[in-house]
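The values are calculated or read from the model by the stated rules, or taken from the named source; none is laboratory data. Bear in mind the structure is a predicted one, so any value in this text is a computation, not a measurement. Note: ideal-geometry Cβ built from the backbone for every residue, glycine included; neighbour counts use all protein chains shown. The accessibility values were calculated without ligands, DNA or RNA, using every heavy atom of the protein model including side chains. Shrake-Rupley method; radii C 1.70, N 1.55, O 1.52, S 1.80 Å.
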Amino acid sequence: MEQLMEVVYSLPLYVLIAAALIIAALVFLIIILFISKRRFRKSLEALAAEPDLKKMEILKHYRKEKLLKKSALLVDISKRKNVNLPEILDLGEDWVTRYGNSHNSKLLGWILEYIPDRGLFTVFQRALNHQKVAQKLEQFLDRSSDFLKLRRIALSGKGEPFDGAKALKLFKDRLDEIREMTGDPEWASRFFAIHILLHDDDERSARAVWESFEDPHSLIRSTVIREIPGDARPFGSDDTTEFSDTDQSSLYAVLFNLLLNDPVFEVRQEAKKRIMEDFATSYSLDLASMNNEQVLHVIQLLSPESPEDQDLALQILSGDDLELRQGAASYLQECAVLDRLFKESYMNDSEQLERNYSLLKNSLEVNVSGFLGGLQSNNNRGSLLLASRLLKTAGPQDSITHLADRVFTQDIEKKEDSELNELYTNTLECVRLRGNDTALVLLGREVLDIRNRVILLKDTLVALPPRGAYIFMPVLEEFLKDPDFPLKDELRTTLQTMPEAEVQTVAMEIIRKGRDSYSHAVRIQALKVLGAMKKESCLQIILENLPILPLEEAREFAGMLSSYAENLFNERVKSILESVDAQSRAAIIVSLPATGKKTFLKEIRAALDDANPVVRIASIWALVEYKEIKELARCTSMLRDPVPEVRKEVARALGTSGTQAVLKDMEAVLNDKNEVSAVIYGIIDGLGASESAASVDILGRKIANEDEYKMDCIRSLSRKKDKKSISAAIELFKDAGPQLREDLSTVFKMMGYEGEKTMVELLKEDIPSLQKYIAEVLESTGFVENHIRKLKHRDSAVRQESAAFLAAIRTKAAFRGIVLAARDPNPDVRIEVTKALEVLNTDEGKEILKALEEDPDKSVRKYTFWALERVRTKSLV
């Protein structure tokens, strides 16, 4: 001791002070810990005394980790105070978790004593593999006063899976109790029981298991589906015999019923999985015998890898039911079938193209459009054509933008290709109807790019939607101010759809600035645009600028004026008719008939004697438009007007609307060798415009004269393409000599497609006196050869139309053509061939009829047999 003191005394003072401070701190810390521990214990004892009042205070001051570390203290106080502090402090879940990780035997005891309802299932799972834990669990159950002791284990779980076979072994002496649990209202209790009974061979257990296919809880139904043995016998079957196909089919029937009718997807999914594992050869579907709900359940479980399932979904997608279509389309999109249909559509296979279009259209109608996602990188024309047809009515707007980008960036030659024209026009329609702003910008650029391509521009102009006016108006204004712009009518039609204020501003600017700033053609176009707007505020400027228009155009333009208020209109017209300006008066006079008002008819008659030739010409045309026949008959003297231009216009006017007597006078002038050429040309033009059949005869006789006006008469006659005129021309053709026939053949050729169309209509009317000669004319124009070539067209509708035409023409050349279609793949075309052969009744035709008797199409064979019998009957006559 003395040595220790000496050591202490020998230490420096600062060391002693530091040591003293450390010792003091340790003593203080021990005191604090003692006080804290005592306070904690007192807090727990207070909690035991007043749980409701002290619980929140304890949880506020002490973390759960500390409470868990003091679990032994909690248990000690709980025993002494006869309370359940672990339960009060919600430590049950934490104890169960720790036991699941550590398997501490002390913790096991605490769980069974204090929180069995929370931890029994975890203890049960441990007991399945550990004998000691199983013994403690059995002891706990033996001490339990519950009627169904195992029910407590089941309810402490949440439907977690466990080894049912081991559980059966553990509770083999409690099977009666387990079976009783299958009727428990709590699903967890039933689930626990069924999970064990699935491994028991007793007939009572089997009955409980089979009845569980109809359990109210989906987890139980799914478990039974998944785990019932494949050789499980249905309740009531004879277990003294071997397992049979009947037993197996009973299980399949139950599974198939659940697949079709169970309302829970997971249950149906398990049923389908089990069927495909054990009953794949028995699995088959008959959609016709199912209701919509069942078909929907089938669709939801189709396999993306199964070609059979894909075919089934395509069958459903082609139907009319939107609900079923939606399910089928979603499945086909998921397994990329719709993508394949879209990408593998080709222009040279029209049947496949139409089939794919129908399926993809059905998909879009139920808002399944994912297949359009690859459009921006797709160069297949067939796919682009499908997209252009589909996107008119449905589909993402972004896809329209991608389509427009693909189509508008093609070479001009491809855009003008007749086979691709549908793609181009469809794309325009898509943008017009549903395109977003980006698509409208692309369309605006396209209009500028093709401004010199009239055919394309014509389609594009009419496709410009008003909602894109902010994009299109600068372009349209540029076109309006271009005197050489080719599509003036189409441009005006498009401008009428744009915002009135913007269009009116541009048109008024052009008219007001006049000839100093804009050409005559531009001002005419602006005036027409303004007139089409039918704004009363613009009436005066329109009437004052009518002289801008040539008389012919002024006459056509005047119809727009009829919508203006009558008093205002009459007032302005009267003012102009009384003015000194001849051009203004002429423009007004020629415009008045289109209004339908005869208010100024007296002034028009008086104008026939006006000193100005332009006014006289306007007056005669006004009378023509008013159909003043009697007045026109008195105007034949004007054929001798001193001004050649007046004589010419009078001749044209009288030819257009003159009576037989007037036409007779005109023929006399036509054949007058002393008449000037201008008048002759006017009469020829007038006869060409005449609606009278007599005008055809006059022109025919003039053509036969073989004089200098022959080609002018041929051109004039070729413009008469109505049925009455063509019938009269064919009558001339019938009785004409060789030269006149040749000249009339030239006339028919110059009539072009429109004239050929009229002749085909006459042919269909089956007029015996004309039939032969119409056919001869059509052969001479090359129209028959054109239809023979069309028999090779990719579109079956075009081939069918040509076959029908050739059947009606009844000539040798037509017969040669119809033979080419005898093996056409389309049955409708072959039927037209059969009709033709029936009419033609030639040996060569009979042979082909015999070949058609063996046609694979039933309708063709039937019609062929009927036609052959008729041919044979006719040959006997």
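Computed values, structure above
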item	result
So S345, is it out of contact with any Phe, Trp or Tyr (no Cβ under 6 Å at 6 or more places or on another chain), in a helix (DSSP H, G or I), open to solvent by less than 60 Å² (accessible area, probe 1.4 Å) and within 30 Å of P825 (Cβ to Cβ)	no
Helices (runs of 4 or more DSSP H) wholly inside segment 32-86 containing at least 1 residues that are at pLDDT 75 or above, among the basic types (K, R) and open to solvent by less than 60 Å² (accessible area, probe 1.4 Å)	none
Matching residues in segment 388-413 - criterion: being more than 18 Å from Y357 (Cβ to Cβ) and exposed (fewer than 14 other Cβ atoms within 10 Å of the Cβ)	T409, D411, I412, E413
Y681 vs. criteria within 30 Å of K749 (Cα to Cα) and more than 57 Å from the chain's Cα centre (by Cα)	no
Test: P642 is open to solvent by 10 Å² or more (accessible area, probe 1.4 Å) and either in contact with a Lys or Arg (Cβ under 6 Å, 6 or more places away or on another chain) or not in a helix (DSSP H, G or I) (or both)	yes
Residues within segment 602-630 that are surrounded by fewer than 17 Cβ atoms within 10 Å (Cβ to Cβ), modelled with pLDDT under 75 and in a helix (DSSP H, G or I), tallied	2
Subset of segment 675-687 (residues that are open to solvent by 10 Å² or more (accessible area, probe 1.4 Å) and assigned to a helix (DSSP H, G or I))	S677, A678, Y681, D685
Test: K648 is of a type outside the set (S, T, N, Q), in contact with a Phe, Trp or Tyr (Cβ under 9 Å, 6 or more places away or on another chain) and buried (at least 22 other Cβ atoms within 10 Å of the Cβ)	yes
Close pairs (6 angstrom Cβ cut-off, 6 or more residues apart or separate chains): closer than 20 Å to Y346 by Cα and part of a helix (DSSP H, G or I) in segment 779-805, open to solvent by 60 Å² or more (accessible area, probe 1.4 Å) and modelled with pLDDT under 75 anywhere	V798/K790; R799/H793
Candidate set from segment 439-493 (those that are assigned to a helix (DSSP H, G or I) and acidic (D, E)); member that is nearest to H402 (Cα to Cα)	E446
Considering residues of segment 388-438 that are in a loop (DSSP other than H, G, I, E, B) and hydrophobic (A, V, I, L, M, F, W, C) only, the residue nearest to L464 (Cα to Cα)	L391
Which listed residue, of L353, L360, L338, L384, is within 11 Å of the chain's Cα centre (by Cα) and either open to solvent by less than 30 Å² (accessible area, probe 1.4 Å) or within 27 Å of D309 (Cβ to Cβ) (or both)	L360
Segment 464-481 residues that are farther than 18 Å from I510 by Cβ, paired with ones that are open to solvent by 60 Å² or more (accessible area, probe 1.4 Å) and of a type in the set (S, T, Y) (beta carbon under 6 Å, 6 or more apart)	P466/T497
Residues satisfying the stated conditions in segment 374-386, i.e. in contact (Cβ under 8 Å) with a residue 24 or more places away in the chain and in a helix (DSSP H, G or I)	G374, L375, Q376, R381, G382, S383, L384, L385, L386
Selected residue (criterion: surrounded by the fewest Cβ atoms within 10 Å (Cβ to Cβ)) from residues of segment 689-715 that are within 49 Å of the chain's Cα centre (by Cα) and in a helix (DSSP H, G or I)	R715
Within segment 363-381, considering residues that are open to solvent by 60 Å² or more (accessible area, probe 1.4 Å) and not basic (K, R), the one nearest to Q315 (Cα to Cα)	E365
Breaking point among (1) farther than 18 Å from I620 by Cβ; (2) open to solvent by less than 30 Å² (accessible area, probe 1.4 Å), for V669	(1)
Subset tally (residues that are surrounded by fewer than 18 Cβ atoms within 10 Å (Cβ to Cβ) and part of a loop (DSSP other than H, G, I, E, B)) for segment 87-111	3
Qualifying residue in segment 298-318 (condition: under 26 Å from R221 (Cβ atoms), acidic (D, E) and open to solvent by 80 Å² or more (accessible area, probe 1.4 Å))	no
Candidate set from segment 581-601 (those that are under 57 Å from the mean Cα position of the chain (by Cα) and of a type in the set (A, V, I, L, M)); member that is surrounded by the fewest Cβ atoms within 10 Å (Cβ to Cβ)	L601
Test: residue in segment 119-139 that is surrounded by 18 or more Cβ atoms within 10 Å (Cβ to Cβ), outside the structural domain of S205 (by the TED database), closer than 30 Å to K54 by Cβ and not aliphatic (A, V, I, L, M)	yes
